[in-house]
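Single-structure report; data block below.
Every number here is computed from the coordinates shown, using simple stated rules; none is lab data. Remember, it's a predicted structure, so these values are computed and weren't measured experimentally. Backbone-built Cβ (ideal geometry, glycine too); neighbour counts: all protein chains shown.
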Amino acid sequence: MEKEGIINFIKLIGNLKNIKRAGWMEKVGIKEPESIADHSFRTAILCMLFGDMKKLNTLKMLKMALIHDVCESIIGDLIHPKDEKEELRKRNLENNAMMKILSLLPKDIRRKYSKIWKEFQDGVSIEAKIVKEMDKLEMAFQALEYEEKGYSKEKLLEFWDTVENYISDYDAKTIFNILKRQSMGKQIS
């Protein structure tokens, strides 16, 4: 029955509230880091703001942001791959998990979300590129919050560097630089 599939989809997505972001735990030693759902929520808010600011297709960006980590409800939060072989393995795991999750939905919705997922994965549109940048920019906000809670600035540096090297959008880069100055200001004081 179609409604049961939707119920199972929502239950599965609910797992994201309980799956902690692995990078913060493994690289910084944060015992109770943000959940994937926490991260996805703020990423969606950033996408809403940037989509509207740039007069892009904000609704599509919100959908991308909300599903960009849905596959992690099955595979967990995987640390960023070190090489192309690991990247391909991660991408295959994500795609297989996403197809399994989307199979719970009615066909017409499944097709729409599959198309949005592929567009995001491939980064073929300006919306997809901005969503990917917002995914990273959110990480800078989180790194700053962890610094403010007293976690090691040295261990968090890798996250700052990742964001800085990834973001190219002028407005996103400007916000990143403000966050970085706030971080550096705390190091000086």
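Miscellaneous remarks
- Distance between modelled label sites at residue 153 and residue 22, nm, 7 Å Cα→Cβ extension: 3.0 nm
- Estimated inter-spin distance, residue 126 and residue 45, nm [label 7 Å along Cα→Cβ]: 2.6 nm
- Straight-distance crosslink candidates among aspartates and glutamates, where the alpha carbon sits under 12 Å from residue 60 and sequence neighbours closer than 8 are dropped: 52, 119, 127
- Degrees between helix 170-188 axis and first principal axis of the chain (Cα, 0 to 90, nearest 10): 40 degrees
- Over the residues of the chain, the helix contribution to mean residue ellipticity at 222 nm works out to -23500 deg cm²/dmol, using -39500 (n - 2.57) for each DSSP H run of at least 4.
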